[in-house]
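One structure is given here, and the rest of the page talks about it.
The values are calculated or read from the model by the stated rules, or taken from the named source; none is laboratory data. Just so it is clear, the structure is predicted and the values come from calculations on it, not from any experiment. Using ideal geometry, Cβ is built from the backbone for each residue, glycine included, and neighbour counts are taken over all protein chains shown.
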Amino acid sequence: MLLPDFFKIINTDITDNEALVEVELNPQHAIFKGHFPGHPITPGVCVTQMAVDLFSHIQQQEYALTKAKSVKFIHIIKPEKPPRVHYQLNWEEVTDRQYQLKALVCHEKTTFAKINITVETES
């Protein structure tokens, strides 16, 4: 889980099976020191894990990525430009433990990623 060190939630708007979540990246996090020194960018695996973390936060239960149907990175996210991004999440229940989760990661008119994954809980 990357919350609360790698990023923090600024605002959340949830309706039924959808949520719009504004998050702020922590440009001082150790991940950015290694990816890449002097020119930090947000690793794709972190962009994807943030979607899982946000869904877990919304559901108040821990979920893990079990299948990546489609993950498309369109633009890089620099931790300081912008430090805040929006996750537009929507989900559909597959079983009582499994959800199909889609996330659009954007800021203003820039789309950074389109994510379509399956998440599952152990309980």
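Condition check: of a type in the set (K, R) and modelled with pLDDT of 95 or more. Does K33 satisfy that? Lay out the reasoning, then the answer.
Numbers: of a type in the set (K, R): yes; modelled with pLDDT of 95 or more: no.
No, not satisfied.
Which condition number does I14 fail, the rest of (1) within 14 Å of the chain's Cα centre (by Cα); (2) assigned to a strand (DSSP E or B); (3) among the hydrophobic types (A, V, I, L, M, F, W, C) being met?
Unmet condition: (1).
State which residue pairs qualify: first residue closer than 27 Å to I77 by Cα and inside segment 95-123, second residue in a strand (DSSP E or B) and of a type in the set (F, W, Y) in any location, beta carbons under 6 Å apart, and separation of 6 or more residues or different chains.
So the pair list comes out as Y99/W91; L101/W91; A103/Y87; V105/Y87; V105/F112; A113/F73; V119/Y99.
Modelled with pLDDT of 95 or more, farther than 21 Å from S123 by Cβ and out of contact with any helix residue (DSSP H, G or I) (no Cβ under 6 Å at 6 or more places or on another chain): does that describe K69?
Working: modelled with pLDDT of 95 or more: yes; farther than 21 Å from S123 by Cβ: yes; out of contact with any helix residue (DSSP H, G or I) (no Cβ under 6 Å at 6 or more places or on another chain): yes.
The answer is yes for K69.
Pull up segment 1-19, narrow it to residues that are closer than 16 Å to P82 by Cβ and in contact (Cβ under 8 Å) with a residue 24 or more places away in the chain, then point me to the one that is surrounded by the fewest Cβ atoms within 10 Å (Cβ to Cβ). Steps first, answer last, please.
Step one: of segment 1-19, the residues closer than 16 Å to P82 by Cβ are 6-11.
Within this subset, residues satisfying the condition of being in contact (Cβ under 8 Å) with a residue 24 or more places away in the chain are 6-7, 9-10.
Working: F6: 20, F7: 23, I9: 16, I10: 13.
Per the stated criteria, the residue is I10.
Quick one: D96 ticks every box in (1) in contact with a strand residue (DSSP E or B) (Cβ under 8 Å, 6 or more places away or on another chain); (2) at pLDDT below 95; (3) of a type outside the set (S, T, N, Q) except a single one, so which number is it?
If we test D96 against (1) in contact with a strand residue (DSSP E or B) (Cβ under 8 Å, 6 or more places away or on another chain); (2) at pLDDT below 95; (3) of a type outside the set (S, T, N, Q), just (1) comes out false.
Among the numbered criteria (1) surrounded by fewer than 16 Cβ atoms within 10 Å (Cβ to Cβ); (2) at pLDDT below 95; (3) assigned to a loop (DSSP other than H, G, I, E, B); (4) of a type outside the set (S, T, Y), which single criterion is violated by E62?
In the conditions (1) surrounded by fewer than 16 Cβ atoms within 10 Å (Cβ to Cβ); (2) at pLDDT below 95; (3) assigned to a loop (DSSP other than H, G, I, E, B); (4) of a type outside the set (S, T, Y), E62 misses (2) alone.
How do the pairs read when you match residues in segment 20-38 that are closer than 15 Å to R84 by Cα with residues anywhere that are part of a strand (DSSP E or B) and acidic (D, E), using Cβ under 9 Å and keeping only pairs 6 or more apart or on different chains?
Here the result reads L20/D13; V21/D13; E22/D13, each pair linking segment 20-38 to a residue that is part of a strand (DSSP E or B) and acidic (D, E).
Return yes when T118 is in a loop (DSSP other than H, G, I, E, B), surrounded by fewer than 18 Cβ atoms within 10 Å (Cβ to Cβ) and among the hydroxyl-bearing types (S, T, Y) and no when it is not.
Values: in a loop (DSSP other than H, G, I, E, B): no; surrounded by fewer than 18 Cβ atoms within 10 Å (Cβ to Cβ): yes; among the hydroxyl-bearing types (S, T, Y): yes.
So T118 does not fit the description; no.
For P79, which of the numbered conditions (1) modelled with pLDDT of 95 or more; (2) buried (at least 16 other Cβ atoms within 10 Å of the Cβ); (3) under 20 Å from I31 (Cα atoms) fails to hold?
Unmet condition: (1).
Check segment 43-57 and report whether any residue there is buried (at least 19 other Cβ atoms within 10 Å of the Cβ), over 14 Å from the mean Cα position of the chain (by Cα) and aromatic (F, W, Y).
No, segment 43-57 contains no residue that is buried (at least 19 other Cβ atoms within 10 Å of the Cβ), over 14 Å from the mean Cα position of the chain (by Cα) and aromatic (F, W, Y).
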